[in-house]
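Undergrad: Below is one structure. I have some questions about it.
The values are calculated or read from the model by the stated rules, or taken from the named source; none is laboratory data. Since we're looking at a predicted model, the values are computed, not measured. Positions of Cβ are generated from backbone atoms using ideal geometry, with glycine treated the same way; all protein chains shown enter the neighbour counts.
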Amino acid sequence: MTGTELYKTGDFAEAHKAFTRTLKSTKDAPIRAAQLCNRGACSMHMGYLSAALEDLSSSLQINLKQEKAWARMAAVLIRQKRYEDAISALEDGLKVLPGNKQLQDILLTAREFRFRARHPLYNPLSVAIDSLAPSPVTRKKVADAFDRFVALEQRYFKGLSAADRQGLCEGDDEPLSKITEEMSIAGEVLLLLLGLKPCVLIAHPWPKYASSIVGLAVRPFVAATKDIDGVVMELREITHEMRTTSFTTTGGEHKGFKGGWVLANRMDDRYGHVRRTFYEAKQGYLVLEDAVALALGYPGTLEESDRERHTFDVSYKGRRVGSRAPQKPYLEYSCHGSDLPVCKWHLSVCRRACEGITELQAYFNHSCSTD
């Protein structure tokens, strides 16, 4: 198989070797530029960001008019949290390729990351934590809306037909009660209502799930929830083939989010990024996985790097105040060790905002790549 064919299967180590062999056997400048760009992409996906940056820079030294090289370089810089450098690189790329939609999209994403780095929700001790909590009146409205959604969601799951239950459980060995508990989006809806999350992604491998729960639970909830300060909800279906960079990191198994739905807060200052990420069809290129994480309000970084192989899987779980029911999942994401101060601050803000509504706890499970 060629390097490109191996790359498309997600075998980045073997693809990297194939591109290296080609580079050793040719002095043809256009071929070398393309192969360096491709090898840099392999290094990026394997987390070797310094090596990726070196190859991508060398590729652009040969040929500046390479959309993929500029885009991949920016992606590497974003993952290194070098947002100013990513912005500068993209602005340089747009001078060479004016009007390029992919570079324009990634430039907006880089600026959004820069904004997030300064946002009180992700900037430990930047403001008094009480300033990020809702007023007593708003808290009561949010609590009532949260209870309303929980009831609607539970009624939806209890009303599933035998065929629907079979479809929902297909390929999963867990009992239905466990599956529906893990699929619950009630916790994420609560964080959206509190202004802590810009949107909720409603998607599942069972094709019928998203449209059915939207029709029977989410849409009635939105219609009945109109008077919470700072919240104007919007429901929208993802109608285009939306694939992220995780498509290549899972050997081509990721089928994208087409058919899923997004519940967004139009008043959130991150709404513009949500719209660009989920609503606008991309022509021939993948959405950065970290851009999706940013749109979903995660404080961590999804993908590993050569400097940070050790990651943490973070799970927020909660129960309604006064309830003795088991904790339920509220939010799950991954982070690097260097992200932990931000993640713990984010947790503190969420706990303070949820006071009187839910008791929130977090679990940090350490994981380590074996690559």
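For (1) closer than 29 Å to D28 by Cβ; (2) of a type outside the set (V, I, T), each residue gets a yes or a no:
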| site | (1), (2) |
| --- | --- |
| Q61 | yes, yes |
| L64 | yes, yes |
| A89 | yes, yes |
| V96 | yes, no |
| Q104 | no, yes |
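Undergrad: Return a yes/no flag: does region 113-126 have any residue that is under 24 Å from L194 (Cα atoms) and among the hydroxyl-bearing types (S, T, Y).
TA: Quick first cut of region 113-126, residues under 24 Å from L194 (Cα atoms) only: 113-126.
Those left that are additionally among the hydroxyl-bearing types (S, T, Y): 122, 126.
The answer is yes, given that some residue of region 113-126 is under 24 Å from L194 (Cα atoms) and among the hydroxyl-bearing types (S, T, Y).
Undergrad: Could I ask something else about it? Tally the residues that are crowded, with 21+ Cβ neighbours inside 10 Å, hydrophobic (A, V, I, L, M, F, W, C) and in contact with a Lys or Arg (Cβ under 8 Å, 6 or more places away or on another chain), restricting the search to region 44-79.
TA: Of the residues in region 44-79, 4 are crowded, with 21+ Cβ neighbours inside 10 Å, hydrophobic (A, V, I, L, M, F, W, C) and in contact with a Lys or Arg (Cβ under 8 Å, 6 or more places away or on another chain).
Undergrad: Which residues, counting only those in region 176-195, are surrounded by fewer than 20 Cβ atoms within 10 Å (Cβ to Cβ) and outside any helix (DSSP H, G or I)? Write out each step before concluding.
TA: Narrowing region 176-195 to residues surrounded by fewer than 20 Cβ atoms within 10 Å (Cβ to Cβ): 176-185.
Across region 176-195, the qualifying residues are S184, I185.
Undergrad: Can you tell me which residue is nearest to D290 (Cα to Cα) among those in region 61-74 that are assigned to a helix (DSSP H, G or I) and more than 29 Å from the chain's Cα centre (by Cα)? Full working, then the answer.
TA: Filtering region 61-74 down to residues assigned to a helix (DSSP H, G or I) leaves 61-62, 67-74.
Cutting the leftovers down to more than 29 Å from the chain's Cα centre (by Cα) gives us 61-62.
On the way: Q61: 27, I62: 29 Å.
So the residue we want is Q61.
Undergrad: Take the residues in region 82-125 that are of a type in the set (G, A, S) and surrounded by 14 or more Cβ atoms within 10 Å (Cβ to Cβ); name whichever of them is nearest to the chain's Cα centre (by Cα). Lay out the reasoning, then the answer.
TA: Looking only at region 82-125, we keep the residues that are of a type in the set (G, A, S), and these are 86, 88-89, 93, 99, 110, 117.
Next, from what is left, pick out any that are surrounded by 14 or more Cβ atoms within 10 Å (Cβ to Cβ): 86, 88-89, 93, 110.
Numbers: A86: 19, S88: 24, A89: 23, G93: 25, A110: 14 Å.
My answer is A110.
Undergrad: Sticking with this one: For W261, state whether it is surrounded by 15 or more Cβ atoms within 10 Å (Cβ to Cβ) and modelled with pLDDT of 90 or more.
TA: Working: surrounded by 15 or more Cβ atoms within 10 Å (Cβ to Cβ): yes; modelled with pLDDT of 90 or more: yes.
Yes: the conditions hold for W261.
Undergrad: Being hydrophobic (A, V, I, L, M, F, W, C), in a helix (DSSP H, G or I) and modelled with pLDDT of 95 or more narrows it down to one of I87, I106, so name that one.
TA: Every option except I87 fails the conditions.
Undergrad: Looking at region 277-293, which of its residues are more than 13 Å from the chain's Cα centre (by Cα) and in a helix (DSSP H, G or I)?
TA: Y279
Undergrad: List, please: which pairs have Cβ atoms under 8 Å, are six or more places apart or on different chains, and start with a residue in region 346-357 that is under 10 Å from P134 (Cβ atoms) and end with one that is surrounded by 18 or more Cβ atoms within 10 Å (Cβ to Cβ) and among the aromatic types (F, W, Y)?
TA: Partner pairs satisfying both residue conditions: I357/F146.
Undergrad: Checking A117 against (1) assigned to a helix (DSSP H, G or I); (2) modelled with pLDDT of 95 or more; (3) of a type in the set (A, V, I, L, M, F, W, C), which single condition isn't satisfied?
TA: Only one criterion in (1) assigned to a helix (DSSP H, G or I); (2) modelled with pLDDT of 95 or more; (3) of a type in the set (A, V, I, L, M, F, W, C) is unmet by A117, namely (2).
Undergrad: For region 32-54, how many residues meet the condition of being more than 19 Å from K81 (Cα to Cα) and touching a helix residue (DSSP H, G or I) at 6+ places or on another chain (Cβ under 7 Å)? Please lay out each step first, then the result.
TA: Filtering region 32-54 for residues more than 19 Å from K81 (Cα to Cα) gives 32-39, 42.
If we keep only those that are touching a helix residue (DSSP H, G or I) at 6+ places or on another chain (Cβ under 7 Å) as well, we get 32-33, 35-39, 42.
Result for region 32-54: 8.
Undergrad: Further, regarding this structure: Every residue in region 223-239 that is surrounded by 15 or more Cβ atoms within 10 Å (Cβ to Cβ), β-branched (V, I, T) and within 23 Å of the chain's Cα centre (by Cα), please.
TA: Residues satisfying the conditions are V231, I238.
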